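> Sharing a structure below in structure tokens format, with a few things to ask.
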């Protein structure tokens, strides 16, 4: 709770720093995303009040840009590359496998808060296609069958140190 | 003298002030350029590309945002332009739900008109994926159907820029873009003030009033119900438009006849309620002035304004007059005074109000606006809904003879009829307050300083040697500006009139819808107000307190303005509201 209060105090300071600047909404939303990990309804209401803009405007910007997340993301962010090279090498089937395995839609987070599955554009590792990335670590030359073992590593807490 | 520039459009030379757009210049030259998202002074964003022209630039330019420049040569009508516009239109059609036959805007739809005008041959040329949106009909006033939305953003612009409310906006991106309230909230969960300005500025059938005509038909066929109807002042200034009459035609007599032919048992006039409002409100103003009450006093007739004040300016609630709005007052009188006179049980009476307003639907449902467990007003329909009922009943409106309102609460003065235009309530109140305070006859009843369509108007009125500062705002965005001036102490007003809709009720959210193209040339607010001021001038009596039926109601029933009974029946209270109800 105290942690939450500290985050909101930080948000208030961020708003105060940008208030009355033209185009303040973007940097404040970016800052809020960094503080909270997402821009939730409560956070957006505070931003709207603080900057004197409508919630409709805040929500409009937050849903327009892919960089903002409305809901908290999982501890592990699983990004599957759908860039051209990965796609022709079958990355869609990797993504499908992940969604089925974790029982979430693309962009969704597992109820235990561990995994968020997302599709991404080219990660620049085309030589390893198809590729996915978990919290910055790249897994290349994947097949759908290889996916469960990798996910299990993270489930068991081993993946982070691997 | 402004700096003028000269340009050539389709070979016609035209001179316009610097800063004009090519669209405006073309209009001046008598050249019509099609538009869809454009709304004069409100939404000029070049989004729909209907108005593209060839200015010699690399690609076609949107005329609504293209500044006219000296020596510019513009073509508005080439095969390339015509083809381009048609393609854009066909792409818009690809996601539009084309249920035109049953659409509320059929024959008054800007998209439909463009298809005809630009020669669209196949509305399904780009048939493809569509998103099925749920219709939001939980608001008592406004229905939003995104399946028909063309993303022009006119509603968004008027809601945020003119009304300073901003409860809807574009969400998501690309194909998934939609006009929504944030966080998937319904309009009724937001601080929407129900003004309906989004509706009258929507080019298509994506926004419309919550239709209550079925409720009225049901009441009319119920033999156990005594159904009383009352139309607001502004309705008579616009109803004719629905039947092809020119804007600004007053149809009071035809409207009274039509209401009788529809089968209402009594046809009273909200104008009577307006006179009654003035009696109470002028009395309240005089009392506040003489007894050191809270000033400035602010009018309370506009339910959009009331909800706006409750939500956005609750600190001003003690300033708002406690008077109910005219149709609520009349409703309260129908279920007490009239019920008693006619010997009818109030439970068997239904009051239907015909209003230029969608916010009145919300107002009528307020639990505090009733007496003995009965609502003052049972159903509110808008001007548009009344027109639909008249059409459904096959009544040839334009051929109707003039009729009269029923007596007891059918008489009205010129002061009442001008309620429908911004500044009208102020002027009506001044006519009565002047005579109440000074005891002298007011010779010149016209207060021209408070007339006209300026968003904020101020006047200094001499009442028996005392200078009284008054102000009038229309459009809630202007109301905020005016209240800020009052709050800062910059201005010291005694009396303020606020109407939620720009121009007042004549331009209300329940009025006939006028296309954006027409609004480029004609100011709806001015034309309709003319009809009301004309009626005022033609009236023998122009001050509310001279109305003989008003005199009678105080003699027989209410005793005097501000009496205990008047307070019980004709006054109300307000409450602070949160911006989001969840």
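> Can you pull out the residues in the range A:106-124 that are in contact (Cβ under 8 Å) with a residue 24 or more places away in the chain, part of a loop (DSSP other than H, G, I, E, B) and either under 17 Å from residue A:38 (Cα atoms) or under 11 Å from the mean Cα position of the chain (by Cα) (or both)? Full working, then the answer.
Residues of the range A:106-124 in contact (Cβ under 8 Å) with a residue 24 or more places away in the chain: A:109-110, A:113-123.
Checking the rest, the ones that are also part of a loop (DSSP other than H, G, I, E, B) come to A:110, A:113-114, A:121-123.
Result: A:110, A:113, A:114.
> Need the failing condition index for residue A:23 against (1) surrounded by fewer than 15 Cβ atoms within 10 Å (Cβ to Cβ); (2) within 15 Å of the chain's Cα centre (by Cα), just the number.
(2)
> Return yes when residue A:127 is over 24 Å from residue B:175 (Cβ atoms), within 14 Å of chain B (Cβ to nearest Cβ) and not in a loop (DSSP other than H, G, I, E, B) and no when it is not.
Details: over 24 Å from residue B:175 (Cβ atoms): yes; within 14 Å of chain B (Cβ to nearest Cβ): no; not in a loop (DSSP other than H, G, I, E, B): yes.
No: the conditions fail for residue A:127.
> State the number of residues belonging to the range B:109-136 that are in contact with a helix residue (DSSP H, G or I) (Cβ under 9 Å, 6 or more places away or on another chain) and within 22 Å of residue B:194 (Cβ to Cβ).
Selection size over the range B:109-136: 1.
> Ok, one more. Going by what's in this entry, would residue B:158 be described as surrounded by 24 or more Cβ atoms within 10 Å (Cβ to Cβ) and at pLDDT 95 or above? Even if it seems obvious, please write down each step before you answer.
Numbers: surrounded by 24 or more Cβ atoms within 10 Å (Cβ to Cβ): yes; at pLDDT 95 or above: yes.
So residue B:158 fits the description; yes.
> Look at residue A:12 and say whether it is more than 21 Å from residue A:121 (Cα to Cα) and within 14 Å of chain B (Cβ to nearest Cβ).
Values: more than 21 Å from residue A:121 (Cα to Cα): yes; within 14 Å of chain B (Cβ to nearest Cβ): no.
So residue A:12 does not fit the description; no.
> Is it true that some residue in the range B:286-300 is on the phi > 0 side of the Ramachandran plot, touching a strand residue (DSSP E or B) at 6+ places or on another chain (Cβ under 9 Å) and assigned to a loop (DSSP other than H, G, I, E, B)? Before you say what the answer is, go through the steps one by one.
Our first condition is that a residue be on the phi > 0 side of the Ramachandran plot; within the range B:286-300, this holds for B:292.
Restricting the remaining residues to those that are touching a strand residue (DSSP E or B) at 6+ places or on another chain (Cβ under 9 Å) gives none.
Within the range B:286-300, not a single residue is on the phi > 0 side of the Ramachandran plot, touching a strand residue (DSSP E or B) at 6+ places or on another chain (Cβ under 9 Å) and assigned to a loop (DSSP other than H, G, I, E, B).
> Further question: For the range B:197-215, enumerate the residues that are touching a helix residue (DSSP H, G or I) at 6+ places or on another chain (Cβ under 7 Å), surrounded by 24 or more Cβ atoms within 10 Å (Cβ to Cβ) and in a helix (DSSP H, G or I).
B:197, B:198
> Working carefully through the options B:430, B:442, B:400, B:483, find the one that is surrounded by fewer than 19 Cβ atoms within 10 Å (Cβ to Cβ) and touching a residue at least 12 places away in the same chain (Cβ under 8 Å). Break it down stepwise before answering.
Numbers: B:430 fails: surrounded by fewer than 19 Cβ atoms within 10 Å (Cβ to Cβ); B:400 fails: surrounded by fewer than 19 Cβ atoms within 10 Å (Cβ to Cβ); B:483 fails: surrounded by fewer than 19 Cβ atoms within 10 Å (Cβ to Cβ).
Unique residue meeting the criteria: B:442.
Results for (1) in contact with a strand residue (DSSP E or B) (Cβ under 7 Å, 6 or more places away or on another chain); (2) surrounded by 13 or more Cβ atoms within 10 Å (Cβ to Cβ); (3) modelled with pLDDT under 95, shown as yes or no for each residue.
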{"site": "A:102", "(1), (2), (3)": "yes, yes, no"}
{"site": "A:108", "(1), (2), (3)": "yes, yes, yes"}
{"site": "A:112", "(1), (2), (3)": "no, no, yes"}
{"site": "A:121", "(1), (2), (3)": "no, no, yes"}
{"site": "A:125", "(1), (2), (3)": "yes, yes, yes"}
{"site": "A:140", "(1), (2), (3)": "no, yes, no"}
{"site": "A:153", "(1), (2), (3)": "no, yes, yes"}
{"site": "A:156", "(1), (2), (3)": "no, no, yes"}
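> Still on this structure: Tell me which residues, restricted to the range B:78-94, are touching a strand residue (DSSP E or B) at 6+ places or on another chain (Cβ under 9 Å) and loosely packed, with under 15 Cβ neighbours inside 10 Å.
Residues of the range B:78-94 that are touching a strand residue (DSSP E or B) at 6+ places or on another chain (Cβ under 9 Å), as a first pass: B:78, B:80-81, B:84-85, B:88.
Within the range B:78-94, B:78, B:80 qualify.
> Take residue A:29 and tell me if it is part of a helix (DSSP H, G or I), within 14 Å of chain B (Cβ to nearest Cβ) and under 21 Å from the mean Cα position of the chain (by Cα). Spell out the reasoning first.
Details: part of a helix (DSSP H, G or I): yes; within 14 Å of chain B (Cβ to nearest Cβ): yes; under 21 Å from the mean Cα position of the chain (by Cα): yes.
Yes; evaluated as a whole, the condition is true for this residue.
> A follow-up question, please. Restricting attention to the range A:52-65, does a residue exist that is closer than 29 Å to residue B:169 by Cβ, in contact (Cβ under 8 Å) with a residue 24 or more places away in the chain, buried (at least 17 other Cβ atoms within 10 Å of the Cβ) and more than 21 Å from the chain's Cα centre (by Cα)?
Yes, the range A:52-65 contains a residue that is closer than 29 Å to residue B:169 by Cβ, in contact (Cβ under 8 Å) with a residue 24 or more places away in the chain, buried (at least 17 other Cβ atoms within 10 Å of the Cβ) and more than 21 Å from the chain's Cα centre (by Cα).
> Please pick out the residue among A:67, A:44 that is within 14 Å of another protein chain (Cβ to nearest Cβ) and not in a helix (DSSP H, G or I). So that I can check it myself, show each step before the final result.
Details: A:44 fails: not in a helix (DSSP H, G or I).
Of the residues listed, the single one that is within 14 Å of another protein chain (Cβ to nearest Cβ) and not in a helix (DSSP H, G or I) is A:67.
> Does any residue of the range B:253-269 turn out to be in a loop (DSSP other than H, G, I, E, B) and either within 22 Å of the chain's Cα centre (by Cα) or at pLDDT below 95 (or both)? Working first, answer last.
Filtering the range B:253-269 for residues in a loop (DSSP other than H, G, I, E, B) gives B:263-265, B:268-269.
Those still in the list that are either within 22 Å of the chain's Cα centre (by Cα) or at pLDDT below 95 (or both) too: B:268-269.
Looking through the range B:253-269, at least one residue is in a loop (DSSP other than H, G, I, E, B) and either within 22 Å of the chain's Cα centre (by Cα) or at pLDDT below 95 (or both).
> Against the condition in a helix (DSSP H, G or I) and within 13 Å of another protein chain (Cβ to nearest Cβ), how does residue A:6 come out, does it pass? Outline the logic, then answer.
Working: in a helix (DSSP H, G or I): yes; within 13 Å of another protein chain (Cβ to nearest Cβ): no.
So residue A:6 fails the test.
> Here is a further query. Is it fair to say residue B:351 is in contact with a helix residue (DSSP H, G or I) (Cβ under 6 Å, 6 or more places away or on another chain), closer than 17 Å to residue B:301 by Cα and not in a helix (DSSP H, G or I)?
On the way: in contact with a helix residue (DSSP H, G or I) (Cβ under 6 Å, 6 or more places away or on another chain): yes; closer than 17 Å to residue B:301 by Cα: no; not in a helix (DSSP H, G or I): yes.
Considered against the rule, which asks whether it is in contact with a helix residue (DSSP H, G or I) (Cβ under 6 Å, 6 or more places away or on another chain), closer than 17 Å to residue B:301 by Cα and not in a helix (DSSP H, G or I), residue B:351 comes out as no.
Yes/no per residue for (1) buried (at least 24 other Cβ atoms within 10 Å of the Cβ); (2) in contact (Cβ under 8 Å) with a residue 60 or more places away in the chain; (3) under 24 Å from residue B:569 (Cα atoms):
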{"position": "B:261", "(1), (2), (3)": "no, yes, no"}
{"position": "B:265", "(1), (2), (3)": "no, no, yes"}
{"position": "B:268", "(1), (2), (3)": "yes, yes, yes"}
{"position": "B:275", "(1), (2), (3)": "yes, yes, yes"}
{"position": "B:282", "(1), (2), (3)": "yes, yes, yes"}
{"position": "B:305", "(1), (2), (3)": "yes, yes, yes"}
{"position": "B:332", "(1), (2), (3)": "yes, yes, yes"}
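> Which residue, of B:403, B:452, is at pLDDT 95 or above, in contact with a helix residue (DSSP H, G or I) (Cβ under 9 Å, 6 or more places away or on another chain), over 28 Å from residue B:316 (Cβ atoms) and not in a helix (DSSP H, G or I)?
Details: B:452 fails: over 28 Å from residue B:316 (Cβ atoms).
Of the residues listed, the single one that is at pLDDT 95 or above, in contact with a helix residue (DSSP H, G or I) (Cβ under 9 Å, 6 or more places away or on another chain), over 28 Å from residue B:316 (Cβ atoms) and not in a helix (DSSP H, G or I) is B:403.
The values are calculated or read from the model by the stated rules, or taken from the named source; none is laboratory data. Bear in mind that the values here come from a model prediction, so they are computed numbers and not experimental data. Neighbour counts run over all protein chains shown; Cβ positions are idealised from the backbone, glycine included.
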